[in-house]
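The values are calculated or read from the model by the stated rules, or taken from the named source; none is laboratory data. These figures come from a predicted structure and were not determined experimentally. No Cβ is skipped: glycine too gets one built from the backbone with ideal geometry, and neighbour counts run over all protein chains shown.
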Amino acid sequence: MDINEFKEFGHAAIDFIVEYLETIRDRPVLSSVEPEYLHDLLPSEMPEQPEKWQDIMEDLKNQILPGLTHWQSPHFHAFYPSQSSFPSIVGELLTAGIGVVGFSWICSPAATELEVIVMDWLGKFLNLPSHFLPSGQGNGGGIIQGSASESILVAVLAAREEKVREMKIKRPELTEGEIRSKLVGYGSIHSNSAIEKSGLLAATKMRLLDADETSIMRGETVEKAIQADLAEDLIPYICVTTIGTTGTCAFDNMEEIGPVCKKYSVWMHIDAAYAGAVFCLPEYAHIMKGIEYGDSINFNLHKWMLVNFDCAAMWIKDAGKLTQSFNVERIYLDHKYQGASKAPDYRHWQLALGRRFRSLRVWITFRTYGQQKIREWLRKHISLASLFLEYLATDDRFEATGQSLALAFFRLKGDDTLTRKLLDRINDRKNIYMIPAFYQNKVIIRFVICGLDPVEKDIEYAWNEIKTVADELLAENE
Ligand code: PLP
């Protein structure tokens, strides 16, 4: 492909995106294909000869599009959002066009420095304690990882190495292997699967602790678990608190858990993958109580802050602990500016060596919207979730079990099988998409505001869909 063809293909791709997004509401949000549908459509070998971009675009429309779940549709209400925005999409294109890889400052100074700056902007916007900020007095810093899972794993590994260093001094009678085998981490039973997985990947125990009846992990529970493990001669090293659990967006009590972590010298990580967005809204300042105890924190811009996947922010109170834990030197990685404080070599802060220039999208998106528009965007989503509950309240066959931020959850009155059937039937119709969770030992349906540009009529649409299916289902059960 030459540069002129690239230009034509690029313009056609933008036209395609515009048409796709303009008509996204008209498509069923869930695909109707069966497993392996694509194997039947595509050749088993890659083409020997070049093909025309026009043909490839046709196949994208005819073969790939039918097999998509439309995450940017406002009729998508499952999981959490993976929102995008026009400036971010353009940022993605520019990132690919520029094509730099910035694992060390020298590999692309602007990539590293822009990341430091946008992470400082974002940390201030989210009202994070200054100890996390690159511009703060200490050794804090921010990085953009690919996912919350990677951020959590990096925190878990850093905490593990920190504890091993500490224990080698405190308990010299133990071999390093013995220390590692005694390490134990904690998270809530409602924490994301990423927490349990991080324990597996770090080869340490990761206990999932009970939460209270509103799904909140409490300080007393963490302290009891730590004491029980200490009594068994185990070594507690990290506690992951979740601010915005995946099921019902509950907030663990950091004000209680933080002092416990401090008392037992346990690293406190904060997983605010979704809910971290509202740290910028003064009316949600209460959910940040205790955040000052955090040693590290993650928040996904690609969930609820207008930057497309993948873009997961992570801050750490003492970035030196990452370099101390994960520094591997090679002659080909040396450069004369390494170690400069405001120009980190991000390769030490992450799993991979190579890294995307993710800050470009963030910078473009933040400048296009500004703080005020982002706050308005978040508030609009929260009010749409409230609007959904207003519809629900008009029908006494339903129980509105709760709302946290832009997630509302509900169930049909009666036993769980009814709510499960309702959800299955709704998803089978493919017009809207939701997933279940447990709340107070009952099955609930989560309704999350997602999509590129959700508006009130989308909520009315979803409500009509739910009501129609409930009418059918309950008529059968009469
Ligand atoms: N933590 C929480 C609270 C989540 O809700 C999720 C995903 O929804 C994750 C972590 C994992 O996010 P990621 O896909 O970025 O790894």
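Inside the range 173-205, can you point out the residues that are in a strand (DSSP E or B), within 13 Å of the ligand (Cβ to nearest atom) and either more than 28 Å from ALA250 (Cα to Cα) or of a type outside the set (Ser, Thr, Tyr) (or both)? Residue satisfying the conditions is GLY187 alone. Restricting ILE243, ILE291, ILE257 to those that are touching an Asp or Glu at 6+ places or on another chain (Cβ under 8 Å) and more than 25 Å from PHE357 (Cβ to Cβ) reduces the list to ILE243. Considering each of TRP463, TRP363 in turn, give the residue that is farther than 30 Å from GLU478 by Cβ, hydrophobic (A, V, I, L, M, F, W, C) and in a helix (DSSP H, G or I). Exactly one of TRP463, TRP363 is farther than 30 Å from GLU478 by Cβ, hydrophobic (A, V, I, L, M, F, W, C) and in a helix (DSSP H, G or I), namely TRP363.
In the range 197-207, the count of residues that are closer than 26 Å to PHE299 by Cβ, crowded, with 21+ Cβ neighbours inside 10 Å and touching a Pro at 6+ places or on another chain (Cβ under 9 Å) is zero. Taking the range 91-132 as the range and being buried (at least 22 other Cβ atoms within 10 Å of the Cβ), assigned to a loop (DSSP other than H, G, I, E, B) and within 20 Å of the chain's Cα centre (by Cα) as the test, the residues that pass are LEU126, LEU128. Screening SER215 against (1) within 29 Å of GLY146 (Cα to Cα); (2) small (Gly, Ala, Ser); (3) assigned to a helix (DSSP H, G or I) leaves a single unmet condition, (3).
Taking the range 213-270, which residues are within 22 Å of the chain's Cα centre (by Cα), of a type in the set (Phe, Trp, Tyr) and closer than 30 Å to GLY177 by Cβ? Answer for the range 213-270, where residues must be within 22 Å of the chain's Cα centre (by Cα), of a type in the set (Phe, Trp, Tyr) and closer than 30 Å to GLY177 by Cβ: just TRP267. Answer with yes or no whether ASP15 is in a helix (DSSP H, G or I), loosely packed, with under 12 Cβ neighbours inside 10 Å and at pLDDT below 95. Answer is no for this residue. Scoring GLY354 on the criteria (1) modelled with pLDDT under 90; (2) more than 22 Å from PHE125 (Cβ to Cβ) leaves a single failure, condition (1). Does LEU41 meet the test of being farther than 24 Å from GLY97 by Cα and in contact with a helix residue (DSSP H, G or I) (Cβ under 7 Å, 6 or more places away or on another chain)? Criteria met by LEU41.
So how many residues does the range 134-159 have that are part of a loop (DSSP other than H, G, I, E, B) and modelled with pLDDT of 95 or more? Even if it seems obvious, please write down each step before you answer.
Let us first name the residues in the range 134-159 that are part of a loop (DSSP other than H, G, I, E, B), namely 134-140, 146-147.
Adding the requirement that they be modelled with pLDDT of 95 or more leaves 146-147.
Number of matching residues: 2.
Quick one: how many residues across the range 140-160 are closer than 22 Å to SER188 by Cα and either buried (at least 24 other Cβ atoms within 10 Å of the Cβ) or more than 16 Å from the ligand (Cβ to nearest atom) (or both)? Talk me through it step by step, then tell me what you get.
First, pick out the residues of the range 140-160 that are closer than 22 Å to SER188 by Cα: 147-160.
Checking the rest, the ones that are also either buried (at least 24 other Cβ atoms within 10 Å of the Cβ) or more than 16 Å from the ligand (Cβ to nearest atom) (or both) come to 148, 151-152, 154-156, 158-160.
Number satisfying all stated conditions: 9.
Looking across the range 224-245, just one residue is out of contact with any Lys or Arg (no Cβ under 8 Å at 6 or more places or on another chain), more than 16 Å from the ligand (Cβ to nearest atom) and part of a strand (DSSP E or B), and that is PRO236. Applying a threshold of 7 Å to beta carbon distances and a minimum spacing of six or more residues, or different chains, the list of pairs starting in the range 20-49 at a residue that is surrounded by 10 or more Cβ atoms within 10 Å (Cβ to Cβ) and ending at one that is among the aromatic types (Phe, Trp, Tyr) reads VAL29/PHE76; VAL29/TYR433; LEU30/TYR433.
Of LEU301, LEU322, all but one fail to be touching a residue at least 40 places away in the same chain (Cβ under 8 Å), within 30 Å of PRO454 (Cβ to Cβ) and either buried (at least 16 other Cβ atoms within 10 Å of the Cβ) or away from the ligand (no atom under 16 Å from the Cβ) (or both); the exception is LEU301. Exactly one residue out of SER151, SER130 is under 14 Å from ILE297 (Cβ atoms) and in contact with a Gly (Cβ under 6 Å, 6 or more places away or on another chain): that is SER130.
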